[in-house]
Amino acid sequence: MKKVLVTGGAGFIGSNFCNLCKDKYEVIALDNLFLGDEANLDKGIKFIKGDACKTEDLDKAGPVDFVVHLAGTSSAPMFMGNGLVKGYVNSVESFLTVLEWARKNGTKKVIYASTSSLYGNNPLPLTEDQHVTPLNHYAVTKELYEHAGACYNKVYPEMDIIGFRFMSVYGPHEEAKGEFANLISQFCWDMARGLQPVIYGDGEQTRDFTNVRDVVQGITLAIETNKKFGADVFNIGTGRATSLNEIAEALEKAFGNGIQAKYIENPVKEGYVKGQWADISKIKEVLGYEPKIKLEDGIKEQVENVKIDRIRQTSSDKLR
Ligand SMILES: NC(=O)c1ccc[n+]([C@@H]2O[C@H](COP(=O)([O-])OP(=O)(O)OC[C@H]3O[C@@H](n4cnc5c(N)ncnc54)[C@H](O)[C@@H]3O)[C@@H](O)[C@H]2O)c1
């Protein structure tokens, strides 16, 4: 069985990967619990509470065939104010430490999270060969990952380094991310509490909302392929743009509670992304990826999960 170390394994995408792949691979989740939650992981998954910036913590996993590096400072607002220096250090140090550790331990491939935020307001659809000018520090760290990965692979070509530019990912286990979670989750949580979801501007801004299971599919395909890549990057999305108005309508329908969105003036004056829609022809052709989860189904599932959590919460409140 292939052995896969997932840094950031107790986080949103990491825990979904570990849970969905636990029978296919020997997965080891490593997380410092800065944002993740060990409770996100299914029983039986090996968990290391550790820091991806520390070789001695990575050593606890022992040699592995693949590393999926999802640890790091995972969204743009985390770099604001006092978070700036720590945000950069955590992301950059963890990536470089993981590359060094992986190579020295004979790892075949390092697969890491880049981001669609790199594209800023580039022309749509977003293609991997576009020139990118990151609009925020978070995106700068991911551009650095891509360049550092390419340089590293030139010196050490035996280990493939594959980056995925995830679009706007939604799905279960985002609770620990709180205000940094995807808009679908945040809108869901608001509506479950009887609050109106807040939309900036007219709601016509779009995102390529991608179910986390499709992200897991892409990572798995990169693990499974026998093709040699050197260092490369791929978009993972659905190839479809959906407006926030459409999301709010779909959620209103799924909740059936008549709660509609509240519109406010956009407080983000600089660098706000107006549209996002990935061209996914590269990942389709090279890895055979095909998005499988329809947005309507993903949203229904998300609403059902939130309703169940609500019922659980209400009954435990009654017990107190
Ligand atoms: N969620 C999205 O829509 C999205 C989109 C594009 C890219 N990404 C990237 O994907 C990756 C995973 O994102 P996510 O949404 O699951 O975020 P997340 O914050 O839930 O996951 C990151 C996990 O890494 C852990 N972590 C942070 N620094 C660490 C360190 N030094 N050592 C060990 N663990 C550490 C955190 O505790 C957290 O559990 C991130 O790199 C993020 O930038 C996410």
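Quick notes on this one:
- In terms of packing, defined here as the mean over residues of other Cβ atoms within 10 angstrom, the peptides 72-80, 299-307, 7-15 line up highest first as 7-15, 72-80, 299-307.
- Rounded to the nearest 10 degrees, the inclination of helix 12-21 to the longest alpha-carbon principal axis of the chain is 70 degrees.
- Sites LYS104 and LYS49, calculated FRET efficiency, Cβ-Cβ separation with R0 22 Å, nearest 0.05: 0.45
- Dividing the C-alpha radius of gyration of the stretch 96-163 by 2.2 N^0.38 Å, with N its residue count, gives 1.22.
- Scattering curve values for the stretch 1-114, log₁₀ I(q)/I(0), Debye with Cα scatterers, q = 0.22, 0.23 Å⁻¹: -1.20, -1.29
- Peptide ranges 256-269, 115-128 listed from the most packed, as the mean C-beta count within 10 angstrom indicates: 115-128, 256-269
- Kirkwood-based Rg to Rh ratio, the stretch 157-274, C-alpha trace: 1.06
- Theoretical gain in end-to-end length, ILE308 to LEU96 [0.36 nm per residue, Cα-Cα removed]: 72.3 nm
- Between GLY8, GLY256, VAL233, the Cα set farthest toward the positive side of the dipole of the chain (charges on each charged residue's Cβ, about the Cα centre) is that of GLY8.
- Applying 1/(1 + (r/R0)^6) with r as the Cβ-Cβ distance of LEU195 and LYS300 and R0 = 35 angstrom yields a FRET efficiency of 0.95.
- The charge dipole of the stretch 130-239, taken about its Cα centre with unit charges on the Cβ atoms of Lys, Arg (+1), Asp and Glu (-1) only, comes to about 200 debye.
- The Cα atoms of the stretch 230-288 give a gyration tensor whose axes a ≥ b ≥ c have a/c of 1.5 or more with a/b no greater than b/c, which makes the shape oblate.
- Taken as Cα centroids, the stretch 244-308 and the stretch 1-76 sit 26 Å apart, rounded to the nearest whole angstrom.
- Counting only residues at least eight positions apart within a chain, or on another chain, the lysines with an alpha carbon under 20 Å from that of LYS86 are LYS49, LYS54, LYS142, LYS177.
- Estimated from the Cβ-Cβ distance and a Förster radius of 41 angstrom, the FRET efficiency linking ASP129 and ASP59 is about 0.60.
- For LYS43, a cut-off of 20 angstrom between C-alpha atoms picks up these lysines, skipping any fewer than 8 places away in its own chain: LYS2, LYS3, LYS22, LYS24, LYS60.
- The spread of Cα positions in the chain, taken along each principal axis and listed from longest to shortest, comes to 57, 51, 41 Å.
Coordinate-derived values only; no laboratory data. In this text, all values refer to a predicted model and were calculated from it rather than measured experimentally. Neighbour counts run over all protein chains shown; Cβ positions are idealised from the backbone, glycine included.
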